Every structure is written in structure tokens, then in C-alpha cells.
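For reference, the structure discussed in these notes is given below.
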Amino acid sequence: MGDWGLTETSMDNYEISILSHVAMSPSRHNNLMSAYSLPSSKSSYSVISAFCTEDNIPQCISYINQELGSLGLAAHIQADPPGRASLNAAPALNAMYELLQIHRRSMNNVEELEKEQLKKTSTLEHMQTSNSRLKDQLELSIREKSGLHETERQLQLKLKTLQSCLKTEKDEVQKLQSIIASRASQYSHDAKRKEREAAKLKERLSQLLVDRKDKKLAIEMLNSVGRSDGKRSHWKTAKATASREAEMYKSLLSDYEASQRALMLENAELQKVLQQMKKEMMHILSPCPPLNRGGSAEESQELGDSDREERSAETSRETLDQSCEHAREQLTNSIRQQWRKLRNHVQKLDNQASLVQNQPPSNAEVIPLETHEHEVERMRLEVQQCKEFIHAQQQLLQQQLNTSFDDETAALLNGCYTLEEKERLKEEWRLFDEQKRNFEKERKNFTEAAIRLGREKRAFEEDRAAWLKHQFLSMTPFADRMRSSSSDGQSALSVKSEPEIRTSSSKAPPVKSSAYTTFSTPKSSKSAAVPSTIDVCRTLRLIPDYSSSRHSNQRRWQESSATEDEESWLKSKSKVCSSDLSIFSLDEDKNPLT
Amino acid sequence: MNFSEVFKQSNQLCKVSPDGKYLATCVQYRLVIRDVNTLQILNLYTCLDQISHMEWSSDSLFILCAMYKRALVQVWSLEQPDWHCKIDEGSIGLVSSRWSPDGRHILNTTEFHLRITVWSLCTKAVSYIKYPKACQKGLDFSRDGCYMALAERRDCKDYVSIFVCDDWHLLRHFETETQDLSGLEWSPNGCVLAVWESCLEYKMSLYSLDGRLLSTYSAYEWSLGIKSVSWSPSSQFLAIGSFDEKVRILNHITWKKIAQFEHPAIIDNTKTVYKEIEKRPAVSSDEMSLHDITVASSLFSTQSKYDISPLPVQIPVVKPDPDRANPKIGVSALAFSSDSRYIATKNGGFQVHSLNWHCSGDSLILIGKDQLCLCYMDADQNNE
């Protein structure tokens, strides 16, 4: 609050401060105070002189009047007397008073506003605190709610299970009730039956007691019937009873023995099966070491060793009788062991396989599945490509063959192709001519040889005829033997000549076959040179005809040679070719050979 | 197929002799013996009263006719028609009568099961067996006819007596572990006796010939138990049909269950299902003359045939009244084929009275109330 003990100087300071700070907030009250107090120590005159000096009093007065007018106060300040440095005191004082009033009022307002502000801040703080408190409460309550939800859910679950239990219990109760009901009905039924029977008994008893006419039980038979097995009945003796017992036990024992036998057989079979299984399992497990890789090799090695040990041990045991319990136990134990090993092994293999699939291939032996598949895919693609290529080629070829170019190019093209063919054909013709020439040469040789042979044969025939004549004249019983010996010689020679035939036949089969064909069928041969062969054959054929007049089977020879197969024909021909003519002339002996 | 003329009979007493040569029928109080091939009447016997039960002896020489009302049994001979035999039980009454396996003794069960009287036709001698038990199947002969097992009840305890059929002397007498024995049956090889409880408890006990308990088997508790029992012909298996509609098979070595067959209401897992389809001619109810009625009830009016039903087949289930005793649920009939390969079972309330296999094991005869059906099996077919 303003200090009313303000001097004029401080009021002036206030004016100055008003000039310098046009809009001042009430909160600057202290500043005002400081603004008041500060320059009071200083010489006020220098400050006042900034606004109003002795010179500009009327301007100041007019200015202040303006200001007062703008504030709504009466602007009556005037200099008194006018033009001098003194003021009319009353209006100035009034103005001052009014200004002070205004100031006071504004200060009051400020104070009130400040009070209100304080109040508002305090209420705001209060609200904020209460807000935060409420927020905390809200969170807490939300958490509580969720917790309660959770418990509710669990309780619901429990309720459901309990309900289902209840249902099952109810069902069971119902079932039991139905059972009880049925049992009860059964009991009552039985009880009623028994009661009826008892009633009947009582009735009967009473009837009998009353009746007293006991009808005796009796049997009347015309005559006794013999026993079904025809024998007489036996007395009942202790021996008989004992024998009955014995019989009973015998039948029981026989039945037990039969079942035991069956069980033994079954047991033996099952043991065999188990043994086999064991052997197979061992077999499967033992060749493992070379296949395994890495660390498992040692293990499987161990397995293999243990297996071998076991095998050796057990083969000795197997010789024992398997029916003894010890052996049986051992067998089952060993089977179990083997099975465990096998199972472990299979598991290991599975693991390995999965590992290998996951890891990149570290071993060249084992190719992981993906690369294998890649390779396969690649190869398939290649195959496909090749096929397409081939197909394209074929198409192109077809195109080329079928295409309708203009005649020139077509002719040119055709000409190109035919040229190639012509060249090829020329080559082939050349070869063919060469071969033909070779054949001609050979044939010439053959014919020469044949002619020579013919001449020799003729000579031989003459010799033979002479010799025979001589023989005939000196007729001896040894003639037959001579013949047979010569026939043996002939067969031996024919055997010898076989390889000759084969070699000769391999040399010029087409010629001979063509000769044969001409012989058997009247077809014409391929080349013009053949007729000369025919001539040769004819000469050959005719030679034996001419040489021996004793031929009774000439015809037969011709026919047989017509029908004979190639080999025998060749045989005969080579016989002609061969230098030994002793075979040929003996036709009677030769014919069995054909 | 040809049919002969229809012969009269009463009480469903019509049996072929064990040797297959003769056919015996009862008409009221007359016994008619016919030749099986020619159906000519060979003999005619007259009994003193209406015949209640008729049975051939095992050697086909004698026939017994029992008249329960008059407690009389008359025995007739085929070889000597003049021969006669009459057994009078007197005032003690007669409830059942049967031959012994040798065909020379008759076992009569008196009224109220007071005793069993054993009459010998060879010696006219009488023996008594006291306290026989009145149960479903209290007496059984072994297949070779050597032994007879009889269920007895004394002092509220069950016993089994084993008799030697030759001279009827008691071989063994032992107490069984049952509360209320309901039946017993010899195994075909005569070494094991199967003894089962009444349906209130599922308990099957197995005794050897000399009376030792071999094993007991109980499938479940509390519900109604065993309904029917059958041995396989090889004595290897024992089939037990129970009220829970299941058949359980025990093996003879361990007497433990080796197989279990169910009869579900929806059949889905068998090969073929044959369903009988009946076609009844529609009879209008207005014109119900006598003629019509007789026609409607004659044998040939309802034609039934068997169709192969496509799987799954729903079997009509009739829920039995739980308040009545001996409900019509459960496996009531079992029959093994002769080679022990197949078993035929009847479950529920179907109108099948008996199942019997042919001795060759490839056909089955189902006898119902009015009809019978022969089922032939192909190599790979199964009938249900």
C-alpha cells in the first residue's frame, strides 16, 4: 500500500514512471514501490526536469489536462497567474486527489484480485491433489476389479467342474439305482417264487397228512433189461471205488498231458521265433561300424564288439536245453537287450538324419537332401532342354523338307543334298566295284582250281577203274572190307573238311548262297557274274556224272543235292575243291552222309 | 424241396432217434414211432396220461414218456413192442425225468426238488440223491457219459456232487464258492466243470474233475450277470453271454478273457448283415371269417426273406421294463460251430428259440417261434 507520506518528488517520480511504463499491472506494486523509493534518494530535481521544467510548464499543464481528460477527470489545471511557473492550487489538488482516489481504488482492486488469485490457486491446488488422489483411487479400484474378475472366473471354473462332477455322480447314482431296482425286482421275484413253492409244499403236506394214503413208489417192468455194454454189473467194493478214482485221475492226467504237450510245442515255436529275432537283430546291429560316421563310430564299434562277445557266449548257451528257466530268462534278457540296442541305433540314425538335413554337408558321402534335389532338378531341366532342342531340330528338318521355296532355291537345295548323296553313292559304288573285282578274281581262281580238279579227277577215275578192274578180276572176299575202310576214311575226311567248309563259306557266302538259290529256285541272281558260278557248279555236278558210269544213284545225287541244305552242298563242293579225290567217287558210301 | 403231409403232435414233442432211423411224436397220450425215410408208422404206444416229456435213450432202443401230472414214467422198447415198464413215483410227484447216458437208468426229479430218484432198468434198483438244487441247470452229464455233476444245496450253501454214471457212486462232493449257483456245465473233454452264479452276480467258477477250484472269473460287479454259457467243442474256449449284451471268451490255459464281443445297437464293423423282412398279406378286418383266420395263421402266409442291409444297420432296441425280473436283454443264446471257428449269439428279445450248428460247421439253424431258418456260410462270410 502506498505510503501517504510521499513527498512531491516521489509523486513526480511516479509520473515519470507512468510515462515510462504506460501499462502497469497491479502486481508490479512492489516495483512501483521500488520505483518510488529508488529515485527518492537521488536528487529529484534532475528527474523532474525530464518531464517538466520551468520552461515547458504550460505544455506540461496542457498535457496533464489532456491526460486527465482521457482518464475522465475534470481537466481544470491552469497556471495561475497564467504564464508563470505556479499552478492553480485547487484544481491541481483536486486532480491529485482524484488521481489518488483512482490509485487507491485500483490498489484495492489489485488487492482483491490478488486475494482472489490466491484463493483460486489454493482451490486449484486442492483440486489437483484431490484429482491425483482420485486417480490413485481409481487405479486401485480397477486393479481390485480385475482381481475380483479373476477370482470370479476361477470360481466359475470350479463351479463348472463341480457341476460336471455332480452330473457324473448323479449318473452313477442313477445307474446304481437302476441296478438296485433290477436286483430288487430279481430278489422279489425269487422270493415270490420261493414263497409260492413253500405254499405249494405246505398245501401238499397238508394234503398228504389228510390223505394218509401214501402211494408207494414202485416200478413194474416186464423183464429186466440187459446192460448197455452187455457186461454184468459189478459189486461195489473198495477196490471198485479206488479204481474209479484212479480212472478219474487218469483222465485228468491225460488231459493235462495233452495240454502240456501242446504248450510245449507252442513254447518251442515261440522260442525259435525269438532266437531268430535275436539273430536278425544282432545281424542288423553288427555291420554298423563302416556305415556310421563321426563319433558314433566308436559307439557302434563297441556295440559290435559287445555283440560279438555276446554271440560267442550265447552260442555256447544255446546248446543247453532251452526249457530250463535260466536259459529262458537269459534268452528273454538278451532279446530285450538287443531290442534296446536296435531301438537306440534307430533313434541315433533318426537324429543323424535330422542333423544332416539341418546342417550343410560336411561329409562327401552323405549328400543332404536339398542339394540332391537341386541336382535332380537341374538334370531334369537339362533333359527338358535337350528334348526341346531335338524337337526344334526335327521341326526345322521337317520344315526344310516340306518348305515351298521358289524353285531355284529349292532346286539348289535339293541339288546340295543330292550332291552329298551322289558322293556317297559314288563311294559306295567304288567299294562295290572293288569287291566285285575281288570276287571275280576269286571266282577265276576257283574255276581254274575246279578245272584242275576235274582233270585230276578224271585221271584218278581212270586209275580207279583200272584198279577196280584188276580187283574184280582177282576177286577176293576182302572187297567189302576195302569199301568200308575207304568209307571210314571218307567220313574222317569229311570231318576234316568241315572246318574248310566253314572257312570257305565265310569267305564268300553271298556267292555260294546265290549259287544255292539258283540251284534250288529258278530266280536270277544279283550280279551278272553269278552265271559263271552256275557253270562251275554244273561242271562240278556233271563231272561226277560223267566220270563214273556205275552211278546207279546219279539221280538220287542230283535230287538230294537239290534238296540238301547249304552245308552239305558246301561240303560236297569243298570235297571237289580239296585235292583228295578218294572221297568223291564213292557215291554209294557218300550218300549216307548227306 | 418236398414236404410231407402234416402230422399232429402235442407239446412240441417230436424227436428223431439218436441213430437217425426213427421219428417219435407224441399226440396227446399216444406215442407214434415212424420210420424216418418212409414215415410209415412202425409202432404205436398208448400211455396212461397225456405225455409231458418224451426222450429217446442214447442207444435208440427205448423211449421214456413222462407224465408229470400223474407222476408216472413209462418206458417203451423199440425192439420188443410188448415190453413195457412203468415207474410210479407215488405221492412225491414228478417234475422232470431223463435218461442217463448209458440208456439204462432213469433219473426222476421229484416235486419241490426233494430228491432225485435213480431207477435202474437192469436191476430194478432205486437210488436216491438228496437235496438237489432247483436251478436253471443243476444237472449235467459229461460228454463221454462217465460222470454226472449235480448241484446241491444244503444249509444255505451250494455243493457240487460228481457221480460216476456206471454205478452211481459218489466220486467227489465239494462246496462251491457261489452264493446261489445257477448252472453247471462240463467241458467237452470232461475235465473241467464250469459253475456260474445266478444273474445277481457275475461270477464264473471253474473246477477240475477232482473238485479243485481252478479259477474264477468276474467281469463286473453289481449289474446283472451271466445269462448263457457255452463251451467250444475243443474245450479250448468258454463263451459267457451276459446281460450287458456282451460275450466274453475265456481260454482254457489261463482262464482269462481273450476276446470280447459286443452287440451294439448300431452295427458298423461286420461284413454283412442279413435282415429278415416279413411280408404279411393284408387282411381286411371286415371279412374275418374262420377261413380267413386260418389262412392268415397258416405257415405260408407270412413270407419272409433275408436281405443284405447296407451298413450301418440300426437294430431296433426295445427297452425292457426294469421292474420286471429276468429282463429280455442280454445274450441269451450261444452256439459254437463244430470246428470252434465261429460262434453264433443271440442278443436281445429276438424271437429265436435256439441256435444249432450243423456238425460240419458250415451251416446254422435258427429256430423261431413259427419259423426256422438255415444259414449257410460261404468261405468268407459271417452271419450275425
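The values are calculated or read from the model by the stated rules, or taken from the named source; none is laboratory data. None of the values given here were measured: they were computed from a predicted structure. As a convention, Cβ positions derive from the backbone with ideal geometry for all residues, glycine included, and neighbour counts pool all protein chains shown. When the accessible area is computed, the model is the full protein with side chains, heavy atoms only, and any ligands, DNA or RNA have been set aside. Shrake-Rupley method; radii C 1.70, N 1.55, O 1.52, S 1.80 Å.
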Seminar exercise, completed: Beyond 30 Å (Cα-Cα) in this structure, taken from B:Lys157/B:Lys319; B:Lys69/B:Lys319; A:Lys194/A:Lys216, we find B:Lys157/B:Lys319; B:Lys69/B:Lys319
Problem set entry | Ranked packing of A:188-197, B:174-183, B:30-39, B:231-240, most packed first, by mean Cβ within 10 Å | B:231-240, B:174-183, B:30-39, A:188-197
Seminar exercise, completed: Chains A and B: accessible area buried, summed over both chains, 1.4 Å probe, nearest 100 Å², reads 4400 Å²
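Just add up the charged neighbours of A:Glu152: K/R +1, D/E -1, any other residue whose Cβ is under 11 Å from the Cβ of A:Glu152.
+2
Please calculate how many Å² of accessible area region A:88-212 carries per residue, with a 1.4 Å probe and no DNA, RNA or ligand atoms counted.
On the way: 10690 Å² over 125 residues.
Here the residues of region A:88-212 average 86 Å² of exposed surface.
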Exercise. From the Cα gyration tensor of region B:199-243, with a ≥ b ≥ c the square roots of its eigenvalues, which class applies: rounded if a/c is under 1.5, or else prolate if a/b is larger than b/c, or else oblate?
Worked result: oblate
Problem set entry | Simple spin-label estimate for A:Asn358 and B:His173 in nanometres, 7 Å along Cα-Cβ | 8.0 nm
Seminar exercise, completed: Within region A:94-180, pairs of Lys residues whose Cα atoms are less than 25 angstrom apart, provided they are eight or more positions apart or on distinct chains, add up to 10
Seminar exercise, completed: For A:138-150, A:331-343, ranked highest to lowest by mean beta-carbon neighbours within 10 Å, the order is A:331-343, A:138-150
Exercise. For region B:9-119, which whole-number percentage of the solvent-accessible area (1.4 Å probe, protein heavy atoms only) is attributable to carbon and sulfur atoms?
Worked result: 47 percent
For this session: May I ask for the net charge around B:Leu39, where only other residues with Cβ less than 14 Å from the Cβ of B:Leu39 are counted and Lys, Arg are +1 while Asp, Glu are -1?
Result: +1
Seminar exercise, completed: Taking protein heavy atoms only, a 1.4 Å probe, and rounding to whole percent, the accessible area of region A:88-212 owed to carbon and sulfur comes out at 60 percent
Exercise. Across peptide B:80-92, what mean number of C-beta atoms from other chains lies inside 10 Å of a residue's C-beta?
Worked result: 5
Problem set entry | Interface residues in region B:159-193 - accessible area drops by 30 Å² or more relative to the isolated chain, probe 1.4 Å | B:Asp166, B:Asp167, B:His169, B:Leu171, B:Arg172, B:Cys191
Problem set entry | Average partner coverage of B:115-123, which counts Cβ from other chains inside 10 Å | 3
For this session: Past 30 Å, Cα to Cα, is the threshold; run B:Lys203/B:Lys346; A:Lys192/B:Lys130; B:Lys21/B:Lys246; B:Lys257/B:Lys346; A:Lys272/B:Lys256; A:Lys192/B:Lys15 against it and keep the listed order.
Result: B:Lys21/B:Lys246; A:Lys192/B:Lys15
Exercise. Which distance in nm do the two modelled labels at A:Ser62 and A:Lys272 give, with both placed 7 Å along the Cα-to-Cβ direction?
Worked result: 15.0 nm
For this session: Set the Förster distance to 60 Å, then compute FRET efficiency between A:Leu159 and B:Lys21 from the Cβ-Cβ distance, nearest 0.05.
Result: 0.15
Seminar exercise, completed: With the 8 Å Cα cutoff and a minimum separation of six or more residues, region B:1-134 has a relative contact order in percent of 13 percent
Exercise. So who's got an amide H within less than 5 Å of the one on A:Val225, skipping anything under 5 residues away but keeping other chains? H placed 1.01 Å off N, in plane.
Worked result: B:Cys122
Seminar exercise, completed: Between the alpha carbon centres of region A:236-276 and region A:89-160 the gap in Å comes to 109 Å
Seminar exercise, completed: By the mean-Cβ-within-10 Å protection proxy, highest first, B:92-105, B:41-54, A:371-384, A:264-277 rank as B:92-105, B:41-54, A:264-277, A:371-384
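Quote the FRET efficiency, to the nearest 0.05, computed for A:Glu408 versus A:Met379 with a Förster distance R0 of 60 Å and r equal to the Cβ-Cβ distance.
In this case the efficiency is close to 0.85.
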For this session: With a Förster radius of 60 Å, plug the Cβ-Cβ distance of A:Ser474 and A:Gln435 into 1/(1 + (r/R0)^6) and report the FRET value to the nearest 0.05.
Result: 0.60
Problem set entry | Rough spin-label spacing in nm, given labels placed 7 Å along Cα→Cβ, for A:Ala240 and A:Lys119 | 13.8 nm
